[in-house]
Each structure stands twice: as C-alpha cells, then as structure tokens.
Amino acid sequence: VPFISMLFLILLLLFSALFPGAFSCCTKISDEIPKGILQRVEKFDIQKADGLCHLEAVILYIEGRKFCVSPRIRKVKKWMKKKRFKIHRKNGRRQRRNKIKRKRRKS
C-alpha cells in the first residue's frame, strides 16, 4: 500500500509539473459581479477556452482569493479595457494624441 500511494504522489507531482495550469482552471464562472468588487482587485488573468481549461473566464485575484467571472459581463469588459490602458502606459506619461484638423472650405 505505501508503494502505491508513493507512486500516485509521484505521478501527481509529475502531472502538476508538466501541466501547471491544470489545477488553476476555473470550473465555474459567475454571470454576476457584486457591486464594488472590481475596486479591490489586485490582479487579473484571462483564461482561454483551449487546452486544459474548458471555460472562458476572467480570474480576479482579491486578498489572496480568486474569483472566476464571465468575460461577457459589460462591467468587467469596461474595467479590463481601462486596466489594460493603465498597464500599457509607462512611466506615468500619457500618449500624445494628434488632433485632426479639418480643412476649411473656401466659400
């Protein structure tokens, strides 16, 4: 019996080393998000529905816990877009936008 349990443990460790995302996949997602939860998010990941994970989800990390929500929630989409903009902006500088000047028609 000790040999079998040791073999099982070795196989489990080998599997977790070869497929690190297998144990961190979301198996259920929420279609609703509680009010104010997005302000407490420390980081987030996007889970694709390919490979080991079979659900498309946004994983929100809050105070060491993870919450899986649907990427189709309008609030989450808007929040992610805003966060991505902040992440891509480096050194706190904003990108300069060029104004489009309209040509004046001569009358």
Any idea how many residues of segment 52-78 are surrounded by fewer than 11 Cβ atoms within 10 Å (Cβ to Cβ) and part of a loop (DSSP other than H, G, I, E, B)? 2
What are the residues in segment 46-76 that are acidic (Asp, Glu) and at pLDDT 90 or above, if any? Glu56, Glu63
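The values are calculated or read from the model by the stated rules, or taken from the named source; none is laboratory data. Everything numeric in this text was worked out from a predicted model, so none of it was measured. Neighbour counts run over all protein chains shown; Cβ positions are idealised from the backbone, glycine included.
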